1. With the condition kept exactly as written, say whether any residue in the range 197-207 is open to solvent by less than 50 Å² (accessible area, probe 1.4 Å), under 19 Å from T280 (Cα atoms), touching a residue at least 40 places away in the same chain (Cβ under 8 Å) and in contact with a strand residue (DSSP E or B) (Cβ under 8 Å, 6 or more places away or on another chain).
2. Identify the residue in the range 225-237 that is open to solvent by 40 Å² or more (accessible area, probe 1.4 Å) and in contact (Cβ under 8 Å) with a residue 40 or more places away in the chain and, among all such residues, is farthest from I300 (Cα to Cα).
3. In the range 89-109, which residues are buried (at least 17 other Cβ atoms within 10 Å of the Cβ), in contact (Cβ under 8 Å) with a residue 60 or more places away in the chain and not in a loop (DSSP other than H, G, I, E, B)?
4. Starting from residues that are of a type in the set (V, I, T) and open to solvent by 20 Å² or more (accessible area, probe 1.4 Å), keep the ones in the range 270-287 and report whichever is modelled with the lowest pLDDT.
5. What's the total number of residues in the range 339-361 that are of a type in the set (D, E, K, R) and either part of a strand (DSSP E or B) or touching a Pro at 6+ places or on another chain (Cβ under 8 Å) (or both)?
6. Quick check: is even one residue across the range 244-256 assigned to a helix (DSSP H, G or I), under 21 Å from L321 (Cβ atoms), open to solvent by less than 50 Å² (accessible area, probe 1.4 Å) and at pLDDT below 95?
7. For residues in the range 140-161 being open to solvent by less than 60 Å² (accessible area, probe 1.4 Å) and part of a helix (DSSP H, G or I), which is modelled with the highest pLDDT?
8. Which members of the range 163-192 meet the condition of being at pLDDT below 90 and surrounded by 15 or more Cβ atoms within 10 Å (Cβ to Cβ)?
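The values are calculated or read from the model by the stated rules, or taken from the named source; none is laboratory data. Here the structure is a predicted model, which means the values were calculated and not measured. Cβ placement follows ideal geometry from the backbone for every residue including glycine, while neighbour counts extend to all protein chains displayed. What goes into the accessible areas is simple: the full protein's heavy atoms, side chains included, and nothing from ligands, DNA or RNA. Shrake-Rupley method; radii C 1.70, N 1.55, O 1.52, S 1.80 Å.
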Amino acid sequence: MKKINILLVFCLLTNLFVFQSCQKKDSHIEIVSIPELDEKKTNHEWFYFNGNDYQKVTRINQVPPKAFLPWTEAVRISSSNCTENEGYAVVNRCGILCFDNADFFLSKDNNLFSNRTAGNLFFCNDTPVFSLYKSTFFNETTKTLNYNNEKSSQYFLVQFDKSAKISYPVINSNNLSSLPNAEVIDFIWDGINWLCCIKSMEDNKTTFEYISFSPTISLLSLSPATAEGNISIKQSSVEEFRIAKSQIDYKHAPERIKLLLAGFSDKTSFTVEVSSVYGTSSKVYLNKKNDEKPLISKAILAESWSAALFEDGTIFFEGALQASHILRGGKPIVIRLPVLPENFVYSHFCISGTTLYAAWEEKLFYQTGRSGFIRIDLEKILDNL
């Protein structure tokens, strides 16, 4: 089999944002642009979410208008990640997308997803795990339903079984807190310990609790029925939680990320949210150079490659993908995805085999309108380089 080797990228070009751009003097940088539609080369396909399912379109401007909803309530890809061979995406209010190179399927679960906010995808021994909670600010069911005695309503961590195509709970919020109507609304996991922010509402009174916990047995062997006897819980504080969740100075970013994004101008500010195929929560690094709003990107560190996607669709690659040849003797590559309409951005992404999946959505402040994903055949795009 052939092998793609995509080495360090030193340059970032613009589509929607005004980049100060790269100032590296390297005439050998390869820029690959994917036009909105290429009739001769079918290297990408658009999909949008229609209710709790997806539908294919030829162009993104064919996606029908959709009412805006708070991001916690909208059907959208809220998180994604990949193992060395497979990719997964959490579709808020819907289910889990599973990617196997060019093939994919959507595993829907109305019981778990319909009234909850889903996200924070990570892996535990290559098993996808994600979180669920109810937004007390935007979720109408929290205003009409007292679910204190309905323990199943308080889902927190859920694992996805690809072979069975089902999701099932691991730990519920009430396993961690005795507060009424408790919801773990945010957390961070360092690979051993979990630090959680828990929100409780009763009689129009809001209470926050901060705890850390660690399982005394394998996380994946837990269930809400057995969790309480097999987890160690300690009280934490808002200060500890804020420190753990705060953005980290870019100088502490992984070396592979700093090499990947080495071509930025020293006048450009950006953030990069780094996820790993090896587990743990993602971390956000801030490269602050001025007082302007930083550019936003998401990155994945895999064993054989790393990549970072910016909201305008500029994507950086380093490493080796499966089943293709060495590119241009190992010279740098930047890929620019098709330009999105105004107020649309790219967000989460993953790579499975030689196929890239990138989420897109229409944004209006804290609300989301239309949303979906693009499937890109990297082998076809890079084959002639």
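1. We begin by selecting, within the range 197-207, every residue open to solvent by less than 50 Å² (accessible area, probe 1.4 Å); these are 197-200, 207.
From what is left, the residues that are under 19 Å from T280 (Cα atoms) are 197.
Remaining after also requiring touching a residue at least 40 places away in the same chain (Cβ under 8 Å): 197.
Still in the running and in contact with a strand residue (DSSP E or B) (Cβ under 8 Å, 6 or more places away or on another chain): 197.
Within the range 197-207, one or more residues are open to solvent by less than 50 Å² (accessible area, probe 1.4 Å), under 19 Å from T280 (Cα atoms), touching a residue at least 40 places away in the same chain (Cβ under 8 Å) and in contact with a strand residue (DSSP E or B) (Cβ under 8 Å, 6 or more places away or on another chain).
2. E228
3. Once the filter is applied, which keeps residues that are buried (at least 17 other Cβ atoms within 10 Å of the Cβ), in contact (Cβ under 8 Å) with a residue 60 or more places away in the chain and not in a loop (DSSP other than H, G, I, E, B), the range 89-109 yields A89, G95, I96, L97, C98, F99, F104, S107.
4. Step one: list which residues in the range 270-287 are of a type in the set (V, I, T), which gives 271-272, 274, 277, 280, 284.
Those left that are additionally open to solvent by 20 Å² or more (accessible area, probe 1.4 Å): 280, 284.
On the way: T280: 84, V284: 97.
Filtering the range 270-287 for residues that are of a type in the set (V, I, T) and open to solvent by 20 Å² or more (accessible area, probe 1.4 Å), the one modelled with the lowest pLDDT comes out as T280.
5. Step one: filter the range 339-361 for residues of a type in the set (D, E, K, R), giving 342, 361.
From the residues that got through so far, the ones that are either part of a strand (DSSP E or B) or touching a Pro at 6+ places or on another chain (Cβ under 8 Å) (or both) too are 361.
Residues flagged as of a type in the set (D, E, K, R) and either part of a strand (DSSP E or B) or touching a Pro at 6+ places or on another chain (Cβ under 8 Å) (or both) within the range 339-361 amount to 1.
6. Scanning the range 244-256, I find no residue that is assigned to a helix (DSSP H, G or I), under 21 Å from L321 (Cβ atoms), open to solvent by less than 50 Å² (accessible area, probe 1.4 Å) and at pLDDT below 95, so the answer is no.
7. The extreme case among them is S153.
8. P180, N181
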